[in-house]
Amino acid sequence: MKQLFLKSIASLCALCMLAGCAAPAPSPGAGGGAGANVSAGETDPATEMSEAGQTTSDTLHLVTDSQRGSDVSKGNENGYYYIDRGGDITANLRYIDYSTAQDIYLSARPESDHLTPDDESYLSSVAGTGRVFPAGDKLFLLRAGAPSAADTFGDDAMAAVFRMDPDGSNRTLLYQGGADERFGDTAAADGHFLYLIGQRTETTGDAPVEKSYLLRMDGESGQTETLCELADGAWFIGAADGMLIFHSISDIADDDSTPPMFGHKIFAYDVASGTLSVLQTWQYEEYTEAWVYDDLLVTASWTSRTVTLRRLREAEAFAAYPFANDIPADHINFWFAGCTDGRFYFYVDTALRTLDLATGEWGKMTLQYDDPEKMEPRPVQIYAETATQYLVLCDQQMTTRRYVNWDDHSVYALEALQPVFSLIAKEDYWNSVPNYRPVTFNE
């Protein structure tokens, strides 16, 4: 019972952290606010931080969102890939083309019926969950898998990795998992390998035990090796400077007879040396979260009301920024939080509060929309970026869409919230100027 409770709470905690750190780019100044708390003798963080450009395809980098269960996908300079799923395990690949601002099925035949298995955009299964991402000159589809449903769905229930061309053509099954294997829904890549988290059910004594492993998969052959065992439930939150960075939540109580005590751990795997190291820990009641930005670990705490910065390969923080005085003290969650373009941000009091990581100055981004389901305001949310613009979720509308049943390929209608995307210049976004270029959704 305690293990079931632990897993439920861990999943809930993970879903509370929204939006990950995107690829870094030079940052314009944010608004006024509290300054940095830098000790004597330390280098000013404004000169410490690098002005890196977009992540290159051969550099170790995150290829999914840094949050488990996130619906945010990945793209590149030309467009954004995502999975469109209804109520069944079937789905379609879609693509937002930045040059035309069109949201289309990822198919070489725009005139075809995309709700049939013959279409290139059609996915027979994203059982468990699905993640699509570009890596190098290929596009990959990661299926987490739900092997417990194999009696119903057969091989479509199994964990799998597919490789295809960027236009969705030439899809090839690269890897298929076994009956006791699932994948986590976060991943990293470099110019040749995919780095995945494999979750296996193993027997210890007479009891089944869930274990997690770091896997390295050849992006061409699918050959896969196990690099090390990970803390159960760990997920990727970043990949930089030759290191894979993970977050895990586990019970640190002395024994099973006591109530669970949840401990958070941020740890790293050095790809060159094959070693694991712990970067930071905290207990659940400290209301702390962490993000990876460039080669920095960014940690924010409601307990100390401080954001700290440290290099991934250095033991000590080089900057500590206090929260702005007007940020209320009665909040304990970092809603819609992330890091991009030299800023850490999170949502509070109908605005994104933004912290310039180079100067420690706080500002506000006030673009928002009214969520039609929750009946409350939400921030206009960054989903992807290029060097000069963001793809943002700027609204949601209730609409009726058509999807495909797995068993007989019949088409059914489903009423659900439909994301409304737009493109916006980065400068306009941070200055709260609603100068949107709407994305047209093509059914």
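Identify, from the list Tyr403, Tyr412, the residue that is assigned to a strand (DSSP E or B), surrounded by 14 or more Cβ atoms within 10 Å (Cβ to Cβ) and touching a residue at least 24 places away in the same chain (Cβ under 8 Å).
Values: Tyr412 fails: surrounded by 14 or more Cβ atoms within 10 Å (Cβ to Cβ).
Exactly one residue qualifies, and that residue is Tyr403.
So for region 283-304 (the condition being within 19 Å of the chain's Cα centre (by Cα) and part of a loop (DSSP other than H, G, I, E, B)), does at least one residue qualify? If you could, list the steps in order and put the result at the bottom.
Let us first name the residues in region 283-304 that are within 19 Å of the chain's Cα centre (by Cα), namely 288-300.
With the extra rule that they be part of a loop (DSSP other than H, G, I, E, B), the set shrinks to 294-295.
Yes.
Could you please find all residues in region 170-216 being open to solvent by less than 20 Å² (accessible area, probe 1.4 Å) and of a type in the set (Val, Ile, Thr)?
Residues satisfying the conditions are Thr186, Ile197.
Taking only region 320-339 into account, find how many residues are over 28 Å from Ala416 (Cβ atoms) and in contact (Cβ under 8 Å) with a residue 24 or more places away in the chain.
Taking region 320-339 and keeping what is over 28 Å from Ala416 (Cβ atoms), we get 320-332, 339.
Keeping just the survivors that are in contact (Cβ under 8 Å) with a residue 24 or more places away in the chain gives 320-325, 327, 329, 331-332, 339.
Count: 11.
Any chance you could count how many residues in region 327-358 are farther than 26 Å from Arg68 by Cβ and not aliphatic (A, V, I, L, M)?
Counting residues in region 327-358 that are farther than 26 Å from Arg68 by Cβ and not aliphatic (A, V, I, L, M) gives 5.
Sort out which residues of region 217-236 are hydrophobic (A, V, I, L, M, F, W, C) and either under 26 Å from Phe262 (Cβ atoms) or surrounded by fewer than 12 Cβ atoms within 10 Å (Cβ to Cβ) (or both), and write them in order of number.
If we filter region 217-236 for residues that are hydrophobic (A, V, I, L, M, F, W, C), which is where we start, we get 217, 227-228, 230-231, 234-236.
Listed by number, the residues that qualify are Cys228, Leu230, Ala231, Ala234, Trp235, Phe236.
Has region 365-382 got at least one residue that is part of a loop (DSSP other than H, G, I, E, B), open to solvent by 40 Å² or more (accessible area, probe 1.4 Å), closer than 27 Å to Val63 by Cβ and touching a residue at least 60 places away in the same chain (Cβ under 8 Å)? Give the steps one after another, and end with the answer.
Filtering region 365-382 down to residues part of a loop (DSSP other than H, G, I, E, B) leaves 366-367, 372-375, 380.
Narrowing the set further to residues that are open to solvent by 40 Å² or more (accessible area, probe 1.4 Å) leaves 366, 372-375.
Pick out the ones that are also closer than 27 Å to Val63 by Cβ and you get none.
No, region 365-382 contains no residue that is part of a loop (DSSP other than H, G, I, E, B), open to solvent by 40 Å² or more (accessible area, probe 1.4 Å), closer than 27 Å to Val63 by Cβ and touching a residue at least 60 places away in the same chain (Cβ under 8 Å).
State whether the residues of region 330-351 include one that is out of contact with any helix residue (DSSP H, G or I) (no Cβ under 8 Å at 6 or more places or on another chain), part of a strand (DSSP E or B) and of a type in the set (Lys, Arg).
Looking through region 330-351, none of the residues is out of contact with any helix residue (DSSP H, G or I) (no Cβ under 8 Å at 6 or more places or on another chain), part of a strand (DSSP E or B) and of a type in the set (Lys, Arg).
Restricting to region 106-134, what's the tally of residues that are modelled with pLDDT of 95 or more and of a type in the set (Gly, Ala, Ser)?
Counting residues in region 106-134 that are modelled with pLDDT of 95 or more and of a type in the set (Gly, Ala, Ser) gives 6.
Enumerate the strands (runs of 3 or more DSSP E) found wholly within region 52-169, keeping only those where 3 or more residues are open to solvent by less than 20 Å² (accessible area, probe 1.4 Å). Full working, then the answer.
Values: elements: 79-85, 91-97, 102-105, 130-135, 138-143, 160-164.
Answer list for region 52-169: 79-85, 91-97, 130-135, 138-143, 160-164.
Condition first: of a type in the set (D, E, K, R) and surrounded by fewer than 21 Cβ atoms within 10 Å (Cβ to Cβ). Now tell me which residues in region 299-342 satisfy that. Lay out the reasoning, then the answer.
Step one: filter region 299-342 for residues of a type in the set (D, E, K, R), giving 305, 310-311, 313-314, 316, 326, 330, 341.
The answer is Arg305, Arg310, Arg311, Arg313, Glu314, Glu316, Asp326, Asp330.
Do we have Pro328 as over 25 Å from Lys74 (Cβ atoms) and at pLDDT below 95 here?
Numbers: over 25 Å from Lys74 (Cβ atoms): yes; at pLDDT below 95: yes.
Criteria met by Pro328.
Restricting to region 421-443, name every residue that is over 20 Å from Tyr345 (Cβ atoms) and either open to solvent by 40 Å² or more (accessible area, probe 1.4 Å) or free of Cβ contacts under 8 Å to residues at least 24 places away in the same chain (or both). Spell out the reasoning first.
Here is the first cut: in region 421-443, the residues over 20 Å from Tyr345 (Cβ atoms) are 437-443.
If the condition is that a residue be over 20 Å from Tyr345 (Cβ atoms) and either open to solvent by 40 Å² or more (accessible area, probe 1.4 Å) or free of Cβ contacts under 8 Å to residues at least 24 places away in the same chain (or both), then Arg437, Pro438, Thr440, Phe441, Asn442, Glu443 are the ones that fit.
Would you mind telling me which numbered condition in (1) out of contact with any helix residue (DSSP H, G or I) (no Cβ under 7 Å at 6 or more places or on another chain); (2) at pLDDT 95 or above; (3) open to solvent by 70 Å² or more (accessible area, probe 1.4 Å) Thr388 fails?
(1)
So which strands (runs of 3 or more DSSP E) are wholly in region 190-241 and hold at least 3 residues that are over 25 Å from Trp291 (Cα atoms) and not hydrophobic (A, V, I, L, M, F, W, C)? Before you say what the answer is, go through the steps one by one.
Numbers: elements: 193-204, 207-218, 224-230, 235-240.
Filter on region 190-241 gives 193-204, 207-218, 224-230.
The values are calculated or read from the model by the stated rules, or taken from the named source; none is laboratory data. All values derive from a computational prediction rather than experimental measurement. With ideal geometry, Cβ positions are generated from the backbone for all residues, glycine too; neighbour counts draw on all protein chains shown. Keep in mind that these areas ignore ligands, DNA and RNA; they rest on the heavy atoms of the full protein, side chains included. Shrake-Rupley method; radii C 1.70, N 1.55, O 1.52, S 1.80 Å.
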